[in-house]
Amino acid sequence: MKSAAPTTPRTPTTSATDGPIAGTPEPGIRLGSFSLTITTQSGPISAGVEPISVESGETVDPPHSTNKEWKTAAWVQQSTFPTDGDQGTSYVYGHACHYHVCSFTNLKNVRVGDQVAVKAISGQLNYVVSRVGLSPKTAKSLPSWASDSTVPNRLVLVTCAFEQGDTSTENIVVVAKLKK
């Protein structure tokens, strides 16, 4: 699953002092890691999320060397960390697969109004899906309605949109806004 990065990435403001005790993440959790669960009419979509570094304009391709990596989504570190949402938009990419379990295989089932829960070491945030659309993989960036990384309190999820077999010329792009 390769896709263009957000057009104007921001450096996350998460620091080593974030967490329940300054500088101390929960056991087994890496700084920058979180989980997300999307509640859809066809069932939940859950994934662990690990950080990935992507330069502006570089293609985003989450790691996929191991079974665990296929099942793990990737948060673009140059975007805002979800718990710092008032700083901008968080971008999370994941693989969609036909023949084995992947983090965002069922993202195609997400509809406007579905709920997204993000759990990080600093707490849980709840989002509601406000837009779902497609973006050509050949595009240099995400569509204008998803690419502005300065929009606060927003989560953008991206995965492959398979037409037939393993062919994918477009990505599914989901935009969710923080519930206040």
Point to revise | Relative packing of peptides 121-127, 76-82 - highest average C-beta neighbours within 10 Å first | key: 76-82, 121-127
Review point. Loop-only check: which GluC sites (Glu not before Pro) in segment 52-126 are DSSP coil with at most 12 other Cβ within 10 angstrom?
Key: GLU55
**Study point:** Placed amide H near LYS137: partners under 5 Å, 5+ positions off or other chain
**Key:** GLU170, ASN171
Practice item. Would you work out the charge dipole size for segment 47-180 about its Cα centre, treating the Cβ of every Lys and Arg as +1 and the Cβ of every Asp and Glu as -1, and quote it to the nearest 20 debye? Key: 500 debye
Point to revise | Using θ = phi - 60° and Karplus 6.51 cos²θ - 1.76 cosθ + 1.60, couplings along segment 38-52 (whole Hz; Gly, Pro as x) | key: 10, 9, 10, 5, 9, x, x, 10, 10, 8, x, 10, 10, x, 9
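Throughout, read-outs are computed from the coordinates displayed, never taken from laboratory work. Everything numeric in this text was worked out from a predicted model, so none of it was measured. A quick note on method: Cβ atoms are made from the backbone with ideal geometry, for glycine too, and the neighbour counts reach across all protein chains shown.
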